[in-house]
Amino acid sequence: MRVSCGEPRNNWSDEFIDVFLDEAGRHGLTAPRTAVAGIIDRHTAQVAARLGVTVTTARTRISVDNIRDMAREASVGFAKEEPGQGLLDIPVTHTVPLAVAARTVVGLTITSELATAAAAAAARLDREAIVHAGREATALIAAWSLMIERTATDNDTTGVLVVAVPEAAIHRALRELARATVHLDAGVILLDGDDPDRLRAALSGNITALLGEL
């Protein structure tokens, strides 16, 4: 695992970043230190929200073993996402109920809105940077919608009740939906003021339904 000496080192999480990168390297993956720092910060925010404590206190509850487990899970999940591959070009391996596919499109729409709202609130970003924050979720919305259309077309019927998708589509959707729950836990709200608890329950149900398809 090679890490550039010129990359900035984070403060409290320096050791944890090293551990994360070391574990990821065992799976043939690497990442900029700044990106890993962001992953650890989001994880810490989740721990704080779950325990009802401050972020500073949450940091004392996170161990090296926790970080290794997180890096291992992230590495395995990332590999299954088929990074760099267009979802419509990957062989189909799963069939997802139409209701779950449609629910996922809605969940990803919420994810995109939350990501954009979080970016707008986090700093004084220009319009391009704010739009980019929700770009991945938006791209997945398009991909899932096209897969629904493609399945209906291939079956030449309006009564299709399942949607054919590659496993990577499920993993990518799960990643984005998880990000949405992190935004909610951090206090991000939608412009229309929708109840955060209701959104969190809807997203959690969507995640559970997708996990059941793996």
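Coordinate-derived values only; no laboratory data. Predicted model, so just to flag it, every value in this text is computed and none were measured. Counting neighbours? That spans all protein chains shown, and the Cβs are built from the backbone with ideal geometry, glycine included.
A few notes on this one:
- For segment 31-55 versus segment 194-209, the gap between their alpha-carbon centres in whole angstrom: 21
- FRET E, pair Arg150, Ser204, Förster distance 35 Å, beta-carbon r, rounded to 0.05: 0.80
- Measuring r between the beta carbons of Leu161 and Asp89 and using R0 = 22 Å, the FRET efficiency lands at 0.30.
- Applied to segment 173-178, the Karplus parametrisation 6.51 cos²θ - 1.76 cosθ + 1.60 on θ = phi - 60° returns per-residue 3J(HN,Hα) values of 5, 4, 4, 5, 5, 5 Hz, with x for Gly and Pro.
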